[in-house]
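The values are calculated or read from the model by the stated rules, or taken from the named source; none is laboratory data. Just so you know, these numbers come straight off a predicted model, no measurement behind them. Please note: Cβ atoms are built from the backbone with ideal geometry, for glycine as well, and neighbour counts cover all protein chains shown. Areas reflect the complete protein model, heavy atoms only, side chains present, ligands, DNA and RNA absent. Shrake-Rupley method; radii C 1.70, N 1.55, O 1.52, S 1.80 Å.
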Amino acid sequence: MEADLLIRNGYVYTDGTFKKQDVGIRGEKIAFFRESGRDVQAACSIDADGKYVIPGMIDFHTHIREPGVEEKEDYYSGTRAAAHGGVTTVCAMPNNLKRGIAAPEDFQYAIECGEKNAVIDFVPIPSPLAFHQGSIPKLTEMGASYFKIMEMKNTKFPLEENFRCGDAWELDQCMAEVAKAGKYISIHPMNMDWYLGNVNRIKEEEKKQDLMHVLCWLYGEEEMSSAAWELAYFFRKNKCKWIALHTWHKGYIDLVRMLKRQGDMEILSSCEILPTSIRDFDYLYERGTGNTIPLGHAAKPDWDAIWTAVNDGTIDILGSDHSPHLSEHYHPETPFSSAQGVPGEDYYGSLLLDAVNKKKLTMERLVEVTSVNGARALGWKEKGTNQIGTDADFTICDLGKKWTVDETFPIYSKPNLDPLFGQKMEGKVTHTIVRGKIVMANDKILAQAGYGKFVRPE
């Protein structure tokens with residue numbers, strides 16, 4: 001037998017281009033590429049005729065919520081949703097209010113949760129804010145790929161919520177420690193003075209005060225771009241590698257583009273494709289009950305500037321910012337005390353294929369920003385390459401599939417809330433393969449909890 005799994009007749013991405021060929025997989029690794037039509041014995045095969053076979057998509061920014069807020073999402077439900085969206089490796093942020101991931105023991109516990117429950121490969125992302133206790137060398141030794149901070153002021157010290165910090169002194173000291181380890185810090189830029197001033201202005205204006213009319217004015221251009229300029233100074237000062245997170249607004253994008261051209265900083269720029277911003281969107285639809293939650297667009301990203309930045313290399317990687325909450329956590333009439341994020345992982349790959357069909361980016365660039373660039377920067381040598389001998393991770397894409405979101409499209413994310421119900425899509429993920437195993441096929445999850453492995457940088 002030549003292969004355990006054979007993917008036949010697909011347009012396969014190798015060495016930067018697509019070529020019609022077969023892919024043979026033995027065990028967990030890519031064994032060979034061969035011209036389509038040749039006789040190959042295989043225990044199992046997938047006919048990918050007319051479809052694109054790309055390196056397994058990586059979602060570099062999700063909120064799995066485990067450990068700490070498992071009632072919203074855990075590794076089992078979150079990675080099933082990710083597999084459904086074509087994702088083969090998922091990065092889980094440390095923003096868990098009841099148990100953030102900063103101390104080495106919490107990072108180890110997060111890894112154990114993933115090893116027990118994940119159906120795809122996974123990467124918990126710790127916070128570096130326990131650096132005063134010497135956490136950085138320990139977390140690095142344990143396999144941390146990068147670190148994450150939410151730039152938000154916290155008046156309590158030591159930090160009660162150990163993923164948030166808006167103190168410039170503390171951020172400076174933290175960057176200096178992380179720089180010694182040679183790791184990236186991913187940081188959500190937030191100018192709290194401007195943000196709070198904007199909140200007060202919204203409250204004072206005689207406009208309707210609900211999520212539909214308020215959410216779109218938060219996380220705006222001035223707040224994020226001004227914060228990014230200050231952060232850039234400290235990253236350069238400390239020679240710390242920077243994942244410029246949420247590169248949404250033109251001023252922020254222009255800053256990153258300028259810094260990359262100067263060439264004296266290591267920057268990996270990221271944009272998150274929240275379903276509430278990449279598509280027209282007003283409501284979350286609750287599957288099962290038929291109830292709707294009026295939410296509206298978040299942040300109003302400048303998508304013309306974003307797609308330009310994706311295509312000229314200013315933006316390097318994408319993520320979903322999958323942010324699940326239960327329906328009872330949304331309070332549309334009191335927006336400043338309401339949950340604001342939305343789930344979207346079930347749609348991740350299909351949303352991007354839809355963007356390809358809208359000529360926003362090419363399939364080649366899609367592969368780079370969802371897999372190749374991030375895996376290379378983070379030292380994941382087994383991921384994102386489609387090279388013989390590396391992990392057999394693939395996302396199979398039907399670029400021509402036209403479909404409408406309805407009840408036949410399952411939602412695996414735990415809250416069962418749908419941001420795109422009733423919308424028309426063009427392009428659909430049909431299969432997700434992780435280390436040679438078909439994890440998702442035609443909307444059905446085939447892997448069991450515990451199949452996923454923790455990915456360590458090499």
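Are any of the residues in the range 378-389 part of a helix (DSSP H, G or I) and open to solvent by less than 40 Å² (accessible area, probe 1.4 Å)? Within the range 378-389, one or more residues are part of a helix (DSSP H, G or I) and open to solvent by less than 40 Å² (accessible area, probe 1.4 Å). ILE445 meets the stated requirement of being open to solvent by 20 Å² or more (accessible area, probe 1.4 Å) and touching a Pro at 6+ places or on another chain (Cβ under 9 Å).
How many of the residues making up the range 413-427 are basic (Lys, Arg) and either more than 18 Å from the chain's Cα centre (by Cα) or surrounded by fewer than 16 Cβ atoms within 10 Å (Cβ to Cβ) (or both)?
Counting residues in the range 413-427 that are basic (Lys, Arg) and either more than 18 Å from the chain's Cα centre (by Cα) or surrounded by fewer than 16 Cβ atoms within 10 Å (Cβ to Cβ) (or both) gives 1.
If we scan the range 286-309, do we find a residue that is closer than 23 Å to GLU407 by Cα and under 17 Å from the mean Cα position of the chain (by Cα)? No: zero hits.
Name the strands (runs of 3 or more DSSP E) wholly inside the range 219-303 in which the number of residues that are of a type in the set (Gly, Ala, Ser) is 1 or more. Spell out the reasoning first.
Values: elements: 241-244, 267-272, 283-286, 292-294.
Ranges flagged: 241-244, 267-272.
Selection of first residues in the range 211-232 that are under 22 Å from ILE185 (Cα atoms) and of second residues that are β-branched (Val, Ile, Thr) and buried (at least 21 other Cβ atoms within 10 Å of the Cβ), restricted to Cβ pairs under 8 Å at least 6 apart or on distinct chains, gives the following pairs, ordered by first then second residue: ALA228/VAL256; LEU231/ILE187. Within the range 346-357, not a single residue is open to solvent by 10 Å² or more (accessible area, probe 1.4 Å) and assigned to a loop (DSSP other than H, G, I, E, B).
Of the numbered criteria (1) surrounded by 21 or more Cβ atoms within 10 Å (Cβ to Cβ); (2) more than 20 Å from LEU274 (Cα to Cα), the one GLY134 fails is (1). Scanning the range 172-191 for residues that are open to solvent by 10 Å² or more (accessible area, probe 1.4 Å) and either under 24 Å from the mean Cα position of the chain (by Cα) or free of Cβ contacts under 8 Å to residues at least 24 places away in the same chain (or both) gives ALA179, ALA181, GLY182, LYS183, TYR184, HIS188, ASN191.
Checked against the criterion of being farther than 26 Å from ALA305 by Cβ and out of contact with any Asp or Glu (no Cβ under 6 Å at 6 or more places or on another chain), the range 209-223 contains one or more residues that satisfy it. Say whether the condition of being among the small types (Gly, Ala, Ser), under 16 Å from the mean Cα position of the chain (by Cα) and under 23 Å from LEU366 (Cα atoms) is met by at least one residue in the range 34-54. Among the residues of the range 34-54, not one is among the small types (Gly, Ala, Ser), under 16 Å from the mean Cα position of the chain (by Cα) and under 23 Å from LEU366 (Cα atoms), which makes the answer no.
Here the range 311-328 is the region considered, the condition is being hydrophobic (A, V, I, L, M, F, W, C) and assigned to a strand (DSSP E or B), and the residue that is nearest to ALA83 (Cα to Cα) is LEU318. Scan the range 329-341 and give yes if some residue there is under 26 Å from VAL123 (Cβ atoms), open to solvent by less than 10 Å² (accessible area, probe 1.4 Å) and either in a loop (DSSP other than H, G, I, E, B) or touching a strand residue (DSSP E or B) at 6+ places or on another chain (Cβ under 6 Å) (or both), otherwise no. Checked the range 329-341: no residue is under 26 Å from VAL123 (Cβ atoms), open to solvent by less than 10 Å² (accessible area, probe 1.4 Å) and either in a loop (DSSP other than H, G, I, E, B) or touching a strand residue (DSSP E or B) at 6+ places or on another chain (Cβ under 6 Å) (or both). Annotation for the range 137-146: no member residue is open to solvent by less than 40 Å² (accessible area, probe 1.4 Å), more than 22 Å from LYS381 (Cα to Cα) and touching a residue at least 24 places away in the same chain (Cβ under 8 Å). All of THR385, THR370 fail the test of being within 16 Å of the chain's Cα centre (by Cα) and farther than 26 Å from THR292 by Cβ, apart from THR370. In this structure, MET152 does satisfy being part of a loop (DSSP other than H, G, I, E, B), open to solvent by 10 Å² or more (accessible area, probe 1.4 Å) and aliphatic (A, V, I, L, M).
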